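The values are calculated or read from the model by the stated rules, or taken from the named source; none is laboratory data. This structure is a prediction, so every number in the text was calculated from the model and none was measured. Reconstructed Cβ throughout: ideal geometry from the backbone, glycine too, with neighbour counts over all protein chains shown.
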């Protein structure tokens, strides 16, 4: 048995290099195919990862607590039924990486010439530094100094749109819980920049206390946000938060708040498999063709081997082994090539040329390819398994030859 | 309500027959002018012309005001806009359009938008006049024009006032007719101005009967409001200023 296998392997290897030009071309195709699978997967995963991390940083917090109606209608009437003090008492000693209470409501910001709809965030800047997408030290001017800061911090892009600038006054307009207009003038004390341009237009920051006074909500807030260690594994934090709050509120994971993102994460994992299979389908035509040719060329030889007493299964094995050898060689080189091209790019690819388009998708303008071990394994396994099945058909045909017909066949 | 006032009551200003005080205080002048725009109540018919370089449209409206909080404006002409109305009550604002048969409360997000397509914003129309208390007033100058004393007043909004302007300037005649109201941005550049074009004696008062609002950087685009008839200090029932009257006029 072992002996037969040894002979078959030797035969297969030699056959492979009998027409080395054809084998090299096929090898080239496999290498490029595998490289494309892994490289493109790494790029896609890098982009998705970036997008998700950016979006989570804007949520922020992997687990959030809201009024049950708030997620459907982010309105100031849907306040948490707990005063801030009570929340702080419970969360303070729970040992989260970071947590904060905030007010997040839609508002309108106007300058002399323009007005724009924005999302107003009433925050306590010290508490949120760890979780914010804004780098406080990179803010032009200054960031908020405390929950009762009287200034407002807006995005650079928004300032441009409103034709206002640092040090000027803008008017913020929103609604109080009685649906009456709540508005106030604020001086722009800081301009922040964000990786994702859309955030610069969407979010404005003001002190939490100031916002509570403006909206006449006392010491209530709309959200509690809690940061965990890993965005892919939020269950422990979720369980801990759920235990801390009462029944009348909703605790949600980030993938429930931003279902688009959550779905995307799952779709992308599936997408990698689809991508690998699509490339393989293209490859498989070449592979089967190569094998069929190899079989046709050797009809008389195969007939001879059968006549000399080789079992049909031996012929089958020989051809399958031949194709496996081709694929394994191709995979090895392809993997190495992919690794060699991704490694130097891991520090980031600057795609700022298309930054605007990327920003529309919510992605940043630097792409960090992400080589994940499981994606590499997936690509290799798919190629080997499907390759095995693809080579079965020519191998099967070869093993079914009638020796007498095969020997006398004139090519 | 500042410009509903413009529409309905500002134009009616002119009670003031007494001469200017010897030592005029800027805030008092503004307050007097505002009080005189409003009167206690008024009913008027006026026309509004919205002018753009390539088109122009005009409409005729009826307006009722009572006190400083309540007002109702209803379009009479053109026919296709007939019945469109705006009700304001204490900073809140509702509109009604017979075409959709629905009363809509103007949300804060729409307060900055144009009122009936004109150069006035909803906020201009709905906001009760904050100009007295939310600004610091200084008397810049007092001069004579056509035999009347004209006060030039600069009003700077307080730090936390919900006002985008850097400052406003008012020209108020001694009989409290506002001749001009200019809005400057925070760089001191003129953004828009409301100018009185005609002053007439109407309903027993001297009022600005034709006024024009125009943006400084687009002088070809303006909105003009002219008062056709006016009565005031008349008895208007509170039921006029209700949502049901906005929807179903009971005249």
Where in the stretch A:121-194 are the strands (runs of 3 or more DSSP E), entirely inside, with at least 3 residues that are at pLDDT 85 or above and more than 10 Å from chain B (Cβ to nearest Cβ)?
A:151-155, A:181-192
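I need the full set of residues from the stretch B:66-91 which are out of contact with any helix residue (DSSP H, G or I) (no Cβ under 9 Å at 6 or more places or on another chain) and farther than 14 Å from residue B:105 by Cα, in order please.
Within the stretch B:66-91, the subset out of contact with any helix residue (DSSP H, G or I) (no Cβ under 9 Å at 6 or more places or on another chain) is B:76-84, B:90.
Within the stretch B:66-91, B:76, B:77, B:78, B:79, B:80, B:81, B:82, B:83 qualify.
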Taking the stretch A:195-228 as the region of interest, how many residues are over 29 Å from the mean Cα position of the chain (by Cα), assigned to a helix (DSSP H, G or I) and within 17 Å of residue A:165 (Cα to Cα)?
0
Checking the conditions here, which among A:196, A:170 is in contact (Cβ under 8 Å) with a residue 24 or more places away in the chain and under 27 Å from residue B:167 (Cα atoms)?
A:170
Which of (1) in a loop (DSSP other than H, G, I, E, B); (2) buried (at least 22 other Cβ atoms within 10 Å of the Cβ) does residue A:241 not meet, given it meets every other one?
(1)
Take the residues of the stretch A:221-237 that are surrounded by fewer than 19 Cβ atoms within 10 Å (Cβ to Cβ) and at pLDDT 80 or above: which is nearest to residue A:69 (Cα to Cα)?
A:235
A careful count of residues in the stretch A:329-342 that are closer than 25 Å to residue A:45 by Cβ, surrounded by 15 or more Cβ atoms within 10 Å (Cβ to Cβ) and over 26 Å from the mean Cα position of the chain (by Cα) gives 2
Is it true that some residue in the stretch B:113-136 is in a strand (DSSP E or B) and touching a residue at least 24 places away in the same chain (Cβ under 8 Å)?
yes
Looking only at the stretch A:104-120, which residues are farther than 14 Å from residue A:154 by Cβ, within 14 Å of chain B (Cβ to nearest Cβ) and touching a residue at least 60 places away in the same chain (Cβ under 8 Å)?
A:105, A:106
Residue A:81 passes all but one of (1) within 23 Å of residue A:240 (Cα to Cα); (2) under 33 Å from the mean Cα position of the chain (by Cα); (3) in a loop (DSSP other than H, G, I, E, B); (4) touching a residue at least 24 places away in the same chain (Cβ under 8 Å); which number fails?
(2)
Reported set for the stretch B:173-195 where residues are closer than 20 Å to residue B:121 by Cα and within 11 Å of another protein chain (Cβ to nearest Cβ) is B:183, B:184, B:185, B:186, B:189, B:190, B:191, B:192
Of all residues in the stretch A:232-255, which are closer than 21 Å to residue A:45 by Cα and without any contact (Cβ under 8 Å) to a residue 40 or more places away in the chain?
A:232, A:233, A:255
Taking the stretch A:84-120 and the residues there that are out of contact with any strand residue (DSSP E or B) (no Cβ under 9 Å at 6 or more places or on another chain) and part of a loop (DSSP other than H, G, I, E, B), the one that is modelled with the highest pLDDT would be A:114
Flag if residue A:313 is surrounded by fewer than 17 Cβ atoms within 10 Å (Cβ to Cβ) and closer than 30 Å to residue A:3 by Cα:
yes
May I ask you to verify whether residue A:324 is outside any helix (DSSP H, G or I), touching a helix residue (DSSP H, G or I) at 6+ places or on another chain (Cβ under 9 Å) and at pLDDT 85 or above?
no
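Only one of A:307, A:355 is farther than 18 Å from residue A:52 by Cβ and at pLDDT 80 or above. Can you tell me which?
Details: A:355 fails: at pLDDT 80 or above.
Only one candidate qualifies: A:307.
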What are the residues in the stretch B:152-172 that are under 17 Å from the mean Cα position of the chain (by Cα), more than 8 Å from every other protein chain (Cβ to nearest Cβ) and either at pLDDT below 85 or within 18 Å of residue B:123 (Cα to Cα) (or both), if any?
B:168
